[in-house]
Amino acid sequence: MAQPEPGNPLRIEANSNRVPAGKLENGVLTLHLEMREANWYPEADSGPSMKVYSFAEEGKAPQVPGPLIRVPQGTQIRVTLRNLLPAVAIVHGLHQHPGDAGDVVQVPAGEAREVRFSAGVAGTYQYWVSAGGETFGGRPFKEDSQLAGAFIVDGPGGVPADRVFVIGMWRSQADPTRSQDVGVINGKSWPYTERLTYPAGETEHWRWINASDRTHPMHLHGSYYRVDSGGDGESDHIFEPAQQQMVVTRVLDPGASMSTSWTPLAGRWIFHCHLVAHFLPEMNLANALVAQPQRLHEHGANHMAGLVMGITVTGGRAPVASHGHRRKFRLLVRERPVANGASPKFGYQIEESHKLTPTDLRDANPPLVLERGRPVEIEVVNQLHEPTAVHWHGMELESYYDGVAGWGMRGSSVTPSIPPGGSFRVRFTPPRAGTFIYHTHMNDEVQLFGGLYGPLIVLEPGLRLDASTDHIVIFSREDGNELTVQRLLNGSANPPTLHWRKGQPNRLRLIDISPNDPAVISLIGPTGFVKWRAVAKDGADLPTAQTVMQEARQVVWTGETYDFEYEGQEPGSLRLEVENTSTANTRWTIVQRIEVE
Ligand SMILES: [Cu+2]
């Protein structure tokens, strides 16, 4: 058994989840696990470290995430659990799946236990431990937060060529008004997360497991990914082909898993949690461990930290079918006037044919309305006193224009941040019609809270956005201070009454581009929720089997868009309500009245 030298505690290795732990013989997996305190290096291997509780396979270095348990369906599993921690360890998930969340094993400090069970049904699961640290929603987030690992059961047909990624978070909460978190993917935080490299066009399979106490809307830049399964840790649901969704953002609640398929397009992409609090540059160990975290203004690839993966896809890109002249306009990034001492405010204006939209910067940012297949050149003009960058969220474009400064590339050119007074020409051809977002991808805690976001709508050629039937419902939140926070629906805390016509099909384009907040968006008539039909998710039309009529109530997380169709058959009053989820401490609601006439 590996023993730490006095004054030289064991070092935790990042676990890339490629090699299964234990010994598999004659249909039996034998695995000896220890739980012990050790030094964790979530950033560089030579960087700062902190003590956390971790799992080790006996005789080997401790790992974060814990050793990978991966077996064929039908395997018998024998695990010994030796607890070298100063607290009782309550071990979850080491049982047959589907399983019961209440089926746990308690291992007192200094003791060992053995569990024997059969693997159960094929799927993506996890095991995790609570060992006396603080918890949120039952999940630990402090010293015992990294005691978790992937548990994969493979179906008949062998081990597919996939990758397994475990999301972990350690949170200090030294200052409850700020997030002082260390977020890791397979044990490392950006820019130290594993770099993935793939050839274009070959489908890749991933399994993602959320072993943290927080929800993460996981967003892919540059193309869609398919969600093949979704699990809650105890059971895993494999979707029938007709029920698989193509998304750019999928929400992983604490304990949840997903398996995905992705056909990479050439370029340099990121896959990341869309919550600003989970990819801030401040999200590092040095900041997490102090009472007064420092605000950082990092540039290049270091303008992010935490839950970000970088992916390089080699090869060429097929051109998008296009028509018409390249439409050219300018997008001005400007400061909005604010009262002395107030947080800075920013806005976007479109300048096209010598006309500014909106003319008044205090108005909501303009929707960018583009045409499918029509090339566009947008000159982003930075009139701020700090660098900025614009991400075209959901758009399938070349990575150089994708807005991730210091990472996106074309040839040997790396996407620059746009300096104050500078500009950057973005070129792309939208390949599909749908509901997207444009927003800052730089210094988000200031710029996104300050207002740098807007709807990006792509229409079929020849159509125009008819505001009487096509309704953008964009939810956002401005200002980081809890006391002065403004939750906004279409840029307003008190949106004006809308007038719809009876019997007209209406399209509602739901967008959440708040920094960190889920929104429940619903359409309510005199007798409760009305019915609407789902038509698109993240800008991609749903396959017919998924375009179902349903109760008009949708949870939308940061970085998601949903399109619904509603046909008002009767005159009368409706309410469009945006509120937070019922699990939040403080409740808020924004109501917009709709008169159907
Ligand atoms: Cu997150």
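Here the dipole of the chain is about 980 debye; that uses its Cα centre as origin and unit charges on the Cβ of Lys and Arg (positive) and Asp and Glu (negative).
Would you mind getting the Kirkwood hydrodynamic radius of the stretch 280-324 from its Cα pairs, rounded to one decimal in Å? Roughly 14.0 Å, rounded to one decimal.
Treating each Cα of the stretch 444-597 as one equal point scatterer and applying the Debye formula with no solvent, the log10 of I(q)/I(0) at q = 0.10, 0.14, 0.17, 0.18 Å⁻¹ comes out as -0.35, -0.70, -1.03, -1.15.
At q = 0.07, 0.12 Å⁻¹, what log₁₀ I(q)/I(0) does a Debye calculation on the Cα points of the chain give, no solvent, two decimals? For the chain, the Cα-only Debye profile gives -0.44, -1.24. On the basis of the beta-carbon distance and an R0 of 41 Å, residue 23 and residue 301 show a calculated FRET efficiency of 0.55. Each residue, residue 203 and residue 291, gets one label point 7 Å from its Cα in the Cβ direction; the gap between the two is 5.6 nm.
Within straight-line reach of residue 23, meaning a Cα separation under 18 Å, sit the following aspartates and glutamates at least 8 residues removed in sequence or on another chain: 34, 57, 58, 114, 154. Dipole orientation for the chain: of the candidates 223, 378, 313, 378 has the Cα lying most toward the positive pole (charges on Cβ; Lys, Arg +1; Asp, Glu -1). Please list, by residue number, everything in the stretch 543-558 whose backbone N is under 18 Å from a paramagnetic label point 7 Å out along Cα→Cβ of residue 567. Only 544-552 pass the distance filter.
When only the Cβ of Lys, Arg, Asp and Glu is charged (+1, +1, -1, -1), the dipole of the stretch 424-492 relative to its Cα centre reaches about 340 debye.
The spacing between the stretch 369-404 and the stretch 72-123, judged by their C-alpha centroids, is 49 Å.
Each 10 Å bin from zero holds the following percent of Cα-Cα pairs in the stretch 179-309: 12, 40, 33, 12, 2, 0. Its residues counted as N, the stretch 13-91 yields a C-alpha radius of gyration over 2.2 N^0.38 Å of 1.19.
Between residue 359 and residue 548, the modelled label-to-label distance comes to 4.9 nm, taking each label 7 Å out from Cα in the direction of the beta carbon. In terms of the Cα gyration tensor, with a ≥ b ≥ c the square roots of its eigenvalues, is the stretch 119-260 rounded because a/c is under 1.5, prolate because a/b exceeds b/c, or oblate? Judged from the Cα gyration tensor, the stretch 119-260 comes out prolate (a/c at least 1.5, a/b above b/c).
Averaging over all projection directions, find the projected area of the Cα convex hull of the stretch 56-149 and quote it in nm² with one decimal place.
So the mean shadow area of the Cα hull is 6.0 nm².
3J(HN,Hα) along the stretch 131-148, derived from phi through the Karplus expression 6.51 cos²θ - 1.76 cosθ + 1.60 where θ = phi - 60°, amounts to 10, x, x, 5, 10, 9, x, x, 9, x, 10, 10, 4, 9, 6, 9, 8, 7 Hz, with x in place of Gly and Pro. Bridge orientation summary for the chain: considering DSSP beta bridges with both residues in this region, about 75 percent are antiparallel.
Can you tell me how the stretch 356-433 classifies by the Cα gyration tensor, rounded, prolate or oblate, using a/c under 1.5 as the rounded cut?
On the way: a/c = 2.25, a/b = 1.08, b/c = 2.08.
Oblate, since a/c reaches 1.5 and b/c is not below a/b.
Inter-part distance, the stretch 141-175 to the stretch 311-367, computed on C-alpha centroids, equals 38 Å.
At a Förster radius of 30 Å, what calculated FRET efficiency corresponds to the Cβ-Cβ distance of residue 386 and residue 581, to the nearest 0.05? List each step's numbers first, then the result.
Details: r = 33 Å, r/R0 = 1.10.
Step by step, r from the Cβ atoms, then E = 0.35.
Each label was represented as a point 7 Å from its Cα along the Cα-to-Cβ direction; for residue 58 and residue 100 these points are 2.9 nm apart.
With +1 on the Cβ of every Lys and Arg and -1 on the Cβ of every Asp and Glu, and nothing else charged, how large is the dipole of the stretch 491-597 about its Cα centre, in debye rounded to the nearest 20? Don't skip to the answer; put the middle values down first.
Values: 11 positive and 14 negative charges, 38 e Å.
The dipole magnitude comes to about 180 debye.
Look at the Cα gyration tensor of the stretch 298-444: its axes a ≥ b ≥ c give a/c of at least 1.5 with a/b at or below b/c, and that counts as oblate.
With a Förster radius of 51 Å applied to the beta-carbon distance between residue 351 and residue 45, the computed FRET efficiency rounds to 0.60. Applying the Karplus relation 6.51 cos²θ - 1.76 cosθ + 1.60 with θ = phi - 60° to the stretch 528-534 yields 3J(HN,Hα) values of x, 4, 7, 10, 9, 10, 5 Hz, where x marks Gly and Pro.
Considering only Cα-Cα distances, which of the following residue pairs are longer than 19 Å: 60/142; 328/537; 51/188; 51/142; 142/188?
Details: 60/142 24 Å; 328/537 28 Å; 51/188 15 Å; 51/142 10 Å; 142/188 16 Å.
Result: 60/142; 328/537 exceed 19 Å.
Among 35, 246, the order of accessible area from largest down is 246, 35, computed with a 1.4 Å probe on protein heavy atoms.
The values are calculated or read from the model by the stated rules, or taken from the named source; none is laboratory data. Since this is a predicted model, take the numbers as computed values, not measurements. So basically every Cβ, Gly included, is an ideal-geometry build from the backbone, and we count neighbours across all protein chains shown. SASA here: full protein model, heavy atoms, side chains in, ligands and nucleic acids out. Shrake-Rupley method; radii C 1.70, N 1.55, O 1.52, S 1.80 Å.
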